[in-house]
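Asks: Before anything else, here's the structure in question.
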Amino acid sequence: MHKSDRSLWEMRRIWLVGFLLLPFLLAFAAWIGFQHAKEQALQQAGERLNLYASSFEGAINKYDYLPWMIAQTPDVRRLLDHPDSSLTDDINSFLADTRNTSLADEVYLMDEQGLTLASSNFQHPDSFVGNNYRFRPYFTEAIRSGRGSFFAIGTTTGLPGYFLSERVTSESGEQAGVAVVKVDLEPLQADWQLAAEKVFVSDNNSIIVLSSHPQWKYRYIDVLSEEQLDAIRRNRQFDTVELKPLGVQHNNHFKVMPETDGETAGYLNQTLDLSPSGWSIHYLVPVLPLYQFALLVAGLVLILYILCLTGVLWMRERSRRAQAALKAEQRLRALNDSLEDQVKERTSELQRIQRELVQSEKLAALGIMAAGLSHELNQPLTAVRTYAASGRKLLTRALYQQVDTALDKIMTLTSRMSDITSQLKVFVRQAPALSQPVDWSARIDFVLEMLEHRIQQQQVSLHADYPPQALVRADDARIEQILVNLLSNALDAVSSTPDPQVKISLQENNQGWLLQVEDNGPGFASEQIKHLFEPFYSTKNVGQGMGLGLFICYGLVQDLDGHIRAESPPEGGARFEVWLPFSEQKARAA
Ligand code: ADP
């Protein structure tokens, strides 16, 4: 498979796996979110429930002492013995005062038949005085066991309340009665409504007697048996209020409660038992916000998931690109290396060819030179032969003086021939493979010393400007040969100049040393320059120049990897420049 196809396939695979996993991940996130929110809400509900339960119980318990206290009051007990006496007014006032002080709803006293003898609301049109409440369980219980309690809707006032009762024994001990305190629990509901919380209290018949939601009040949660309904009817607990089922449905984990006639809402139910036995208080946690929170968590996880997935893909793409770039770079480097190798190979090949070319050029030049030499040497040889022949004749005639002159001439001619051949010795030598570092400055010193006699004789003013040391890659013989040729030519050139001057200088230039030899002689025409370095090119008189000096210099400089050039500056005279590369030593230091 092609590489790019494979990475495309891998990317698709990541997306596919990602999308297959997504529903599970989201469901799990929603579940976690729901559980967390539920835990928090239930914890909060538990705390609230405890608070409401204790406030509910506190509201009842704080009146617990009151019926007993009334039952102990001597005048109250006396009244039971003398119900129609003037004592009734006093007790009515006493009960009214007690109610006002204790903030109970109502306080009243019943005789043994359940007839109300005195009441705190004796002045009120709805006064309990004269009413009989013997049907109420709080009455029968108190008569039977001494104490009683009961929740009911008042048959006289129509207002709900919690009744606490205590049996009263008359002073004579012959009569009995019941002291009752009615506690109003309605203010508790008002508190719950204010807190906008769903709280209700159900009694031992699971009828809701208090609720923050008005619609649920006096509705029963569990179905009531005939027996229960009968008892309720008998003791007229809910008076004329019609009891209806709440219509609560139980979903898996929560209750679905009717909100209005048509609407319902789901709640988690927290319950706590209350001290009137069989009673319980309920705190409802709406489930809708829990679902909303779960959805929010799932949404966040979805966003995170998409971000992560995109991040993973992005990282993969980036590393893929980086790898591709690395590979391209490696390929490029390898290519570069091979190119460099090729260049090195070609360069050494070229250098070899160049060396061979120089050598073959030299050989070709040798041919030309051989012709020139035979021409140059032929003349002195003919002259030597002529002088030798005439010398022999002069000897036979015993003309020794003239013989000596002829021998002198022969010597002069042979020394000239030796000059020619000695020049060629250097030229035919092959350049050494790697030259030694040579101090060019020291070689200039040496050559100037050699030529000192001639310089003085010609009264040439010499300007020398070179550093104490200038190392180049060369060998002594070649360097001296170049210097001798250039300086001799300069001295020749200024031989008939009125104020002869020769200048020699050495300076660093482009990884090497540059030698300049200048003179104020006649110089040369531009036409001449291109012939200067040709063999046997000479403008000097026969016997003075052979035209080999510059040709040899050119060959030597080539051998040393340098270059030579000649120019005639505008101010006159001639200037020769020779550049040679630094020795290895100097190059390394640089
Ligand atoms: P030779 O000196 O034997 O003639 P060279 O090769 O040394 O041979 O010089 C070739 C020719 O270059 C000289 O004959 C001369 O014409 C010219 N030449 C060389 N150096 C100078 C110079 N410094 N000034 C003028 N002409 C020069």
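The values are calculated or read from the model by the stated rules, or taken from the named source; none is laboratory data. What you see is a predicted model, and the numbers here were worked out from it, not measured in a lab. Glycine gets a Cβ as well: all are built from the backbone with ideal geometry, and neighbour counts include every protein chain shown. In case anyone asks, the SASA skips ligands and DNA or RNA and just uses the protein heavy atoms, side chains included. Shrake-Rupley method; radii C 1.70, N 1.55, O 1.52, S 1.80 Å.
Asks: Looking at region 143-166, can you tell me whether even one residue there is among the acidic types (Asp, Glu) and surrounded by fewer than 22 Cβ atoms within 10 Å (Cβ to Cβ)?
Replies: Scanning region 143-166, I find no residue that is among the acidic types (Asp, Glu) and surrounded by fewer than 22 Cβ atoms within 10 Å (Cβ to Cβ), so the answer is no.
Asks: For the subset of region 94-119 comprising residues that are hydrophobic (A, V, I, L, M, F, W, C) and part of a loop (DSSP other than H, G, I, E, B), which member is farthest from Ser165 (Cα to Cα)?
Replies: The extreme case among them is Leu103.
Asks: Okay, next question. Between a first residue in region 145-161 that is farther than 16 Å from Tyr65 by Cα and modelled with pLDDT under 85 and a second residue that is in a helix (DSSP H, G or I) and of a type outside the set (Ser, Thr, Tyr), which pairs have beta carbons less than 9 Å apart while being 6 or more apart in sequence or on different chains?
Replies: Correct list of pairs: Leu159/Glu186.
Asks: So the check is Cβ under 8 Å with 6+ separation or different chains; which pairs have a first residue in region 308-326 that's closer than 20 Å to Gly18 by Cα and a second one that's open to solvent by 70 Å² or more (accessible area, probe 1.4 Å)?
Replies: Every condition considered, the pairs that remain are Leu309/Trp15; Leu313/Trp15.
Residues checked against (1) under 28 Å from Trp192 (Cβ atoms); (2) polar (S, T, N, Q); (3) in contact with a helix residue (DSSP H, G or I) (Cβ under 6 Å, 6 or more places away or on another chain):
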{"position": "Thr264", "(1), (2), (3)": "yes, yes, no"}
{"position": "Tyr267", "(1), (2), (3)": "yes, no, no"}
{"position": "Gln270", "(1), (2), (3)": "yes, yes, yes"}
{"position": "Ser275", "(1), (2), (3)": "yes, yes, yes"}
{"position": "Leu290", "(1), (2), (3)": "yes, no, yes"}
{"position": "Leu295", "(1), (2), (3)": "no, no, no"}
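Asks: Hey, another quick one. Please indicate, with yes or no, whether at least one residue in region 132-140 is in contact with a strand residue (DSSP E or B) (Cβ under 6 Å, 6 or more places away or on another chain), closer than 23 Å to Phe200 by Cβ and open to solvent by less than 50 Å² (accessible area, probe 1.4 Å).
Replies: Within region 132-140 (the criterion being in contact with a strand residue (DSSP E or B) (Cβ under 6 Å, 6 or more places away or on another chain), closer than 23 Å to Phe200 by Cβ and open to solvent by less than 50 Å² (accessible area, probe 1.4 Å)), the answer is yes, since at least one residue qualifies.
Asks: Based on this model, can you work out whether Asn100 counts as under 21 Å from Glu174 (Cα atoms) and open to solvent by 10 Å² or more (accessible area, probe 1.4 Å)?
Replies: No: the conditions fail for Asn100.
Asks: Moving to a separate point now. Which one of these is under 23 Å from Glu480 (Cβ atoms), surrounded by 14 or more Cβ atoms within 10 Å (Cβ to Cβ) and near the ligand (Cβ under 10 Å from one of its atoms): Phe524, Phe536?
Replies: Checking each option against the conditions leaves just Phe536.
Asks: Please work out which one of (1) within 10 Å of the ligand (Cβ to nearest atom); (2) in contact (Cβ under 8 Å) with a residue 12 or more places away in the chain; (3) open to solvent by less than 50 Å² (accessible area, probe 1.4 Å) is the condition Glu577 fails and give its number.
Replies: So the condition that Glu577 fails would be (1).
Asks: Looking at (1) open to solvent by less than 50 Å² (accessible area, probe 1.4 Å); (2) under 20 Å from Ala53 (Cα atoms); (3) assigned to a loop (DSSP other than H, G, I, E, B), which one does Trp192 not meet, given that it meets all the others?
Replies: (3)
Asks: Identify, from the list Glu345, Glu317, Glu340, the residue that is farther than 30 Å from Leu49 by Cβ and at pLDDT below 90.
Replies: Exactly one of Glu345, Glu317, Glu340 is farther than 30 Å from Leu49 by Cβ and at pLDDT below 90, namely Glu317.
Asks: Can you pull out every residue in region 193-247 that is more than 16 Å from Pro160 (Cα to Cα), charged (D, E, K, R) and in contact (Cβ under 8 Å) with a residue 40 or more places away in the chain?
Replies: Glu197, Lys198, Arg234
Asks: Ok, one more. With Val209, Val178, Val183, Val201 as the choices, which residue is open to solvent by less than 10 Å² (accessible area, probe 1.4 Å) and within 60 Å of the chain's Cα centre (by Cα)?
Replies: Criteria check complete, one pass: Val201.
Asks: Moving on to the next point. Which numbered condition in (1) within 12 Å of the ligand (Cβ to nearest atom); (2) on the phi > 0 side of the Ramachandran plot is the only one that Gln544 fails?
Replies: The single condition Gln544 does not satisfy is (2).
Asks: Mind listing just one residue for me: the one in region 475-492 that is surrounded by fewer than 21 Cβ atoms within 10 Å (Cβ to Cβ) and under 10 Å from Asp519 (Cβ atoms) and, of those, farthest from the ligand (Cβ to nearest atom)?
Replies: Out of the qualifying residues, it is Leu491.
Asks: Same structure, new question: Within the group Val460, Val472, which residue is within 60 Å of the chain's Cα centre (by Cα) and more than 10 Å from the ligand (Cβ to nearest atom)?
Replies: Val472
Asks: Quickly run through region 547-563 and pick out the residues that are more than 7 Å from the ligand (Cβ to nearest atom) and open to solvent by 20 Å² or more (accessible area, probe 1.4 Å).
Replies: Tyr554, Gln558, Asp559, Asp561, His563
Asks: Report yes if Ser496 is within 12 Å of the ligand (Cβ to nearest atom), farther than 29 Å from Val438 by Cα and loosely packed, with under 14 Cβ neighbours inside 10 Å, otherwise no.
Replies: yes
Asks: Still on this structure, I have one more. Inside region 1-93, counting only helices (runs of 4 or more DSSP H) that do not spill past its ends, which hold 2 or more residues that are over 30 Å from Tyr283 (Cα atoms), aromatic (Phe, Trp, Tyr) and open to solvent by 80 Å² or more (accessible area, probe 1.4 Å)?
Replies: 3-61
Here is a yes/no grid of residues against (1) open to solvent by less than 20 Å² (accessible area, probe 1.4 Å); (2) at pLDDT 90 or above; (3) of a type in the set (A, V, I, L, M, F, W, C):
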residue: Asp239; (1), (2), (3): no, no, no
residue: Leu243; (1), (2), (3): no, no, yes
residue: Asn252; (1), (2), (3): no, no, no
residue: Glu259; (1), (2), (3): no, no, no
residue: Glu263; (1), (2), (3): no, no, no
residue: Ser277; (1), (2), (3): no, no, no
residue: Tyr291; (1), (2), (3): no, yes, no
residue: Ala294; (1), (2), (3): yes, yes, yes
residue: Tyr305; (1), (2), (3): no, no, no
